Amino acid sequence: MFKPLSVYFHWPYCKSKCPYCDFFKKVQKNVDETSLVKEYISELEYYQNLVPQRKVQSIFFGGGTPSLMNPKTVEKLIETVFCLWKPQENLEITLEANPNSDRPHLFSDLKNAGVNRLSLGVQALNESDLKFLGRTHTLKEAYKSIDEVLKVFDNHSIDLIYSRPHQKLEDWEKELQQAVSFGFKHLSLYQLTIEEGTVFFNKGVQALEDEKASKMYQTTVDFLREHGYPRYEVSNFAMPVYESIHNKCYWQGDDYIGIGESAHGRLNISEQNFAYVHPHISEKLSSHERAEELLIMGLRLQKGINKTHFKEICGLDFDTFIDQEKLHTLVAEGFLIDKPNVLRATDQGFLVLDKLVLELF
Amino acid sequence: MTDLNLIRNFAIIAHIDHGKSTLADRMIELCGGLSKREMTEQVLDSMDIEKERGITIKAQTVRLEYKANDGQTYQLNLMDTPGHVDFSYEVSRSLAACEGSVLVVDATQGVEAQTLANVYLALGNDHEILPVLNKVDLPSSDTQKVKEQIEDVIGLDTSNAVETSGKTGAGVPILLESIVKNLPAPRGNVDAPLKALLIDSWYDSYLGVVILVRIHDGVLKKKMNITMMSNGATYQIDRIGVFTPKMQDKEQLSAGEIGFLTASIKSVSDCHIGDTITETKRPCENMLEGFKPSVSVVFCSIFPVDSSQYDALKDALAKLKLNDASINYTNENSEALGLGFRCGFLGLLHMEIIEERLQREFDLDIITTAPSVAYHLKLSNGTEMILHNPADMPDLSTVSEIKEPMVKATILVPDEYLGSVLKLCTERRGVQLDLTYVGTRAMAVYKIPLNEIVFDFYDRLKSISSGYASFDYELIGDEPSDLVKVQILINEEPVDALAFLCHRSEAESRGRQICERLKDLIPRHLFKIPIQAAIGGRIVARETISALRKDVTAKCYGGDVTRKRKLLDKQKEGKSRMRQFGKVEVPQSAFIEALRIGDK
């Protein structure tokens, strides 16, 4: 049986820079798509040589702002992937888009290009917060795009940022109510953090204090659970069967390749793990390093870490790898639940996940 | 052999910052001791730390050749002395080697606390004192007023006072002439058996142990066999010489002169400061009076931040002790901070200087615990003990009496700050002994427990008087005290490195202060952590570090894994440098910050 592979395309260009974003991106007009596509294809071919025997389970166009790409380019890249590897039956092809008004047929064009899941970066559902977050779209444009996406696609997701400075819990609850009422299959809800190197950081914008932010997070989780969107990862909520196949591959530790500048990949070849930042720049990961990654990523999932799967990937026995004494304390204090084959975080544990991971070594 | 009448041995004494070392520079320059090219500022302050802080720590000696107006060439032996109270021991040794003192008073400042202290030391050594008004080039100088102060407060005749400027060199020739004219020549018998005072000794990496001596009687010659009278040890002299201030070899030193000798002595600890040196085959009869041994008055523990640096710290302390016999240290083992040393110092400044030298000259990262003084305890079983380490505090029920060292503190301060100074002294359990006026300035004399002074008294005094107050103290014996040991508990566990001894009346406020600091210094944990200060079983202060409420990365996808792993590795490394107390991890920096003296 062929192992699954996920393919990530990084489109690093944006129309403008968002003040909270620390992702790798460039603000540039008149991108030479033809030569970029050539570069992407040669990278794909390189990886095909390396791991020919795989089945593609997902393709993801992220960025940057990949909705700025010509749908023809998207189509070409999808076709190329299919030429190189066999697709799995329920293959997921996601593209991240920003609400826009200047390209009326964009969404149907993307669908025709092969995209079957659209993730819409709305970020806020009121005018003043959209402005604060540096978004180039208005609320009206957002609504219009939401309508179109829901009409065109069967599988869709909305991105929102909350715990904005001065945001009140009641106001966020209203936005949540509204977000749920649209009928998206999936929601990605991120608490605003001020990362070094961002405009917000340089301006000295302060994140919401921990006490309020933790309350807001728990309210969000509880609200969405009641409304049919259980949390399946720290910031991701979905109707049953609509969890993102692509993103889960990161958290579960499946193989993925990253195409485009500064796109990372992880490949398990003949029981060795490799980290890629470019086809020609790779690093062999020790069992221990890969194990750390699996712990960091795996506990982010509601279902937690599958210990058998963990051993298959990194070669280490999970229970030996973890500080058992610490684990027992953390279980006793209600942060973690330890089952014979699974370790997962409780609601209380999710709030301090980074600290838990640090404690477990 | 120099005629005794053509020798003048004198010390320069002054309050700190009154320009003594700069004035010495001008005298050296004028007598041609060093060429212009060789002159640096404050040449006698050889340690970096002395030049940087502008203070003299070690006394220095220099021989100058001065051709006086009477046509004779005189040998002047000048000893530059430290001004700070911590080093008054160092001053008293220098004074014992001289017959006269040049008292430098800043003409813009007037008489200060250490001016007085140093004058009393000089008078105690039967010195003739020559007053010098320095910094007369400054427009704010007022020589008339300062002369009156010297007459009123010190009772010195100022008719022969000299006015100088160390900066411009004005008045320095008159000063030299006045030294020859007004200070007495040494007495001694060149023909009598050798009798020399061991003033100081230090370790030189090229020459080995170097001894500074003052010859009282007889002659010291090369190749001579000498005996240290305190222990009978004998040595053969290798080199003899003087400082000009460069080292200059001589064939001999005779009665009245000051100079150095080397004699293949292995260790500085073989040289007892104040000892009498004589000739082995023709010994003198009586020993010179010598000095009282220096006493450590301030104690603290020093630990390496990185325990692998323990041996390096040990070596460094041993090296420092080679040239500074007043440092005392013994091994100490702390649960919180590992292996280190309990050290005794002459005072707070001395402690700070050693700390700084360990860090700068030996490149060590160290943690210093809160300073303490030495308490005298009488136990119910009749034995006595000296206690300066909280860790050694016996059960109070077995103690029948505790005494703490007291000082007589003299503070000079402009009238407008007097109120706050008196308040400070009272807060520090001071008892007023005297209050008089020196011109427009008040002179307050208090009896204060030394413990109150070592904490942060000097800093507070400086800050409440905008830097105008001057201060000196002398130890005046022990008095009964209500001493308690305050323990700091983190999550119910006592932390030995944070425990301290203090008077019962202060236990609560100082305990609270440390708890408050720790609250900000210990990172939040998954559970809440009580921080308490306790005397015996009684909690006197409490703070709580609340539990960590939120620590989770919002966005973590395929491109973030590497960065997250590296961050985790870094955090793990930081964690390994933490000290574990039960379930609580305390960063080492928290100890350093919590123990930092003075800032509030």
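The values are calculated or read from the model by the stated rules, or taken from the named source; none is laboratory data. Only a predicted model underlies this, so the values are computations on that prediction, with no experimental measurement involved. So basically every Cβ, Gly included, is an ideal-geometry build from the backbone, and we count neighbours across all protein chains shown. Side chains are part of the model used for accessible areas, which takes the heavy atoms of the whole protein and leaves out ligands, DNA and RNA. Shrake-Rupley method; radii C 1.70, N 1.55, O 1.52, S 1.80 Å.
Might you check whether a residue that is under 24 Å from residue B:394 (Cβ atoms) and under 19 Å from the mean Cα position of the chain (by Cα) occurs anywhere in region B:304-316? Quick ask: steps written out before the conclusion?
First, pick out the residues of region B:304-316 that are under 24 Å from residue B:394 (Cβ atoms): none.
Checked region B:304-316: no residue is under 24 Å from residue B:394 (Cβ atoms) and under 19 Å from the mean Cα position of the chain (by Cα).
Count, please, the residues in region A:331-349 that happen to be touching a Lys or Arg at 6+ places or on another chain (Cβ under 8 Å) and either crowded, with 18+ Cβ neighbours inside 10 Å or polar (S, T, N, Q) (or both).
4
Out of A:82, A:132, report the one residue that is of a type in the set (A, V, I, L, M, F, W, C), modelled with pLDDT under 95, out of contact with any helix residue (DSSP H, G or I) (no Cβ under 8 Å at 6 or more places or on another chain) and more than 23 Å from residue A:12 (Cβ to Cβ).
Numbers: A:82 fails: modelled with pLDDT under 95.
The conditions single out A:132.
Among the candidates B:258, B:179, B:226, single out the residue that is open to solvent by less than 40 Å² (accessible area, probe 1.4 Å) and over 24 Å from residue B:99 (Cα atoms). Give the steps one after another, and end with the answer.
On the way: B:258 fails: over 24 Å from residue B:99 (Cα atoms); B:179 fails: over 24 Å from residue B:99 (Cα atoms).
Result: B:226 is the single residue among B:258, B:179, B:226 that is open to solvent by less than 40 Å² (accessible area, probe 1.4 Å) and over 24 Å from residue B:99 (Cα atoms).
Taking the condition of being closer than 25 Å to residue B:462 by Cα and either polar (S, T, N, Q) or assigned by TED's automatic domain parsing to the domain that holds residue B:497 (or both), how many residues in region B:376-427 meet it?
3
Which number in (1) more than 14 Å from every other protein chain (Cβ to nearest Cβ); (2) closer than 14 Å to residue A:256 by Cβ marks the one condition that residue A:65 misses?
With respect to (1) more than 14 Å from every other protein chain (Cβ to nearest Cβ); (2) closer than 14 Å to residue A:256 by Cβ, residue A:65 is out only on (2).
Looking for whichever is open to solvent by 20 Å² or more (accessible area, probe 1.4 Å) and more than 13 Å from chain B (Cβ to nearest Cβ) here; the options are A:328, A:309. Which one fits? Break it down into steps so the answer makes sense when it comes.
Working: A:328 fails: more than 13 Å from chain B (Cβ to nearest Cβ).
Just a single option satisfies the conditions, and that option is A:309.
Checking residue A:134 against (1) in a loop (DSSP other than H, G, I, E, B); (2) in contact (Cβ under 8 Å) with a residue 60 or more places away in the chain; (3) within 14 Å of chain B (Cβ to nearest Cβ), which test does it fail?
The single condition residue A:134 does not satisfy is (3).
Within region B:454-463, which residues are modelled with pLDDT of 85 or more and open to solvent by less than 40 Å² (accessible area, probe 1.4 Å)? Before you say what the answer is, go through the steps one by one.
Our first condition is that a residue be modelled with pLDDT of 85 or more; within region B:454-463, this holds for B:457, B:460-461, B:463.
B:457, B:461, listed by residue number.
Of all residues in region A:5-59, which are surrounded by fewer than 17 Cβ atoms within 10 Å (Cβ to Cβ) and within 14 Å of chain B (Cβ to nearest Cβ)?
A:22, A:24
Can you name the number of the only condition in (1) under 27 Å from the mean Cα position of the chain (by Cα); (2) outside any strand (DSSP E or B); (3) crowded, with 17+ Cβ neighbours inside 10 Å that residue B:188 fails?
Residue B:188 satisfies all of (1) under 27 Å from the mean Cα position of the chain (by Cα); (2) outside any strand (DSSP E or B); (3) crowded, with 17+ Cβ neighbours inside 10 Å except (1).
If I ask for residues that are within 23 Å of residue B:554 (Cα to Cα) and among the charged types (D, E, K, R), which ones from region A:259-313 would you list?
A:266, A:289, A:290, A:292, A:293, A:300, A:303
What are the pairs with Cβ atoms under 8 angstrom where one residue, in region A:172-192, is on the phi > 0 side of the Ramachandran plot and the other, located anywhere, is surrounded by fewer than 21 Cβ atoms within 10 Å (Cβ to Cβ)? Sequence gap at least six, or different chains.
A:183/A:150
One line per residue, one yes/no per condition, for (1) among the aromatic types (Phe, Trp, Tyr); (2) part of a loop (DSSP other than H, G, I, E, B); (3) out of contact with any strand residue (DSSP E or B) (no Cβ under 7 Å at 6 or more places or on another chain):
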site: A:184; (1), (2), (3): yes, yes, no
site: A:188; (1), (2), (3): no, no, no
site: A:193; (1), (2), (3): no, yes, yes
site: A:196; (1), (2), (3): no, yes, yes
site: A:202; (1), (2), (3): no, no, yes
site: A:211; (1), (2), (3): no, no, yes
site: A:214; (1), (2), (3): no, no, yes
site: A:217; (1), (2), (3): yes, no, no
site: A:221; (1), (2), (3): no, no, no
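Going by the conditions given, is residue A:289 open to solvent by 60 Å² or more (accessible area, probe 1.4 Å), within 11 Å of chain B (Cβ to nearest Cβ) and closer than 28 Å to residue A:259 by Cβ? Walk me through how you get there before you give the answer.
Details: open to solvent by 60 Å² or more (accessible area, probe 1.4 Å): no; within 11 Å of chain B (Cβ to nearest Cβ): yes; closer than 28 Å to residue A:259 by Cβ: yes.
It is false that residue A:289 is open to solvent by 60 Å² or more (accessible area, probe 1.4 Å), within 11 Å of chain B (Cβ to nearest Cβ) and closer than 28 Å to residue A:259 by Cβ.
Please give the strands (runs of 3 or more DSSP E) falling wholly within region A:254-361 in which 1 or more residues are without any contact (Cβ under 8 Å) to a residue 60 or more places away in the chain and among the basic types (Lys, Arg).
Where strands (runs of 3 or more DSSP E) fall fully within region A:254-361 and carry at least 1 residues being without any contact (Cβ under 8 Å) to a residue 60 or more places away in the chain and among the basic types (Lys, Arg), they are A:265-269, A:281-285, A:342-345.
Please go through region B:512-569 and pick out each residue that is of a type in the set (Gly, Ala, Ser), within 14 Å of chain A (Cβ to nearest Cβ) and either at positive phi or open to solvent by 50 Å² or more (accessible area, probe 1.4 Å) (or both).
First, the residues of region B:512-569 that are of a type in the set (Gly, Ala, Ser): B:533-534, B:536-537, B:541, B:546-547, B:554, B:558-559.
Now restrict to residues that are within 14 Å of chain A (Cβ to nearest Cβ): B:546-547, B:554, B:558-559.
Correct list: B:546 only.
Does residue B:594 fit the bill of being more than 8 Å from chain A (Cβ to nearest Cβ) and in contact (Cβ under 8 Å) with a residue 40 or more places away in the chain?
Numbers: more than 8 Å from chain A (Cβ to nearest Cβ): yes; in contact (Cβ under 8 Å) with a residue 40 or more places away in the chain: yes.
It is true that residue B:594 is more than 8 Å from chain A (Cβ to nearest Cβ) and in contact (Cβ under 8 Å) with a residue 40 or more places away in the chain.
Residue-by-condition table, conditions (1) within 13 Å of chain B (Cβ to nearest Cβ); (2) surrounded by 15 or more Cβ atoms within 10 Å (Cβ to Cβ); (3) modelled with pLDDT under 90:
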site	(1), (2), (3)
A:209	yes, no, no
A:213	yes, yes, no
A:217	yes, yes, no
A:224	no, yes, no
A:233	yes, yes, no
A:238	no, yes, no
A:241	no, no, no
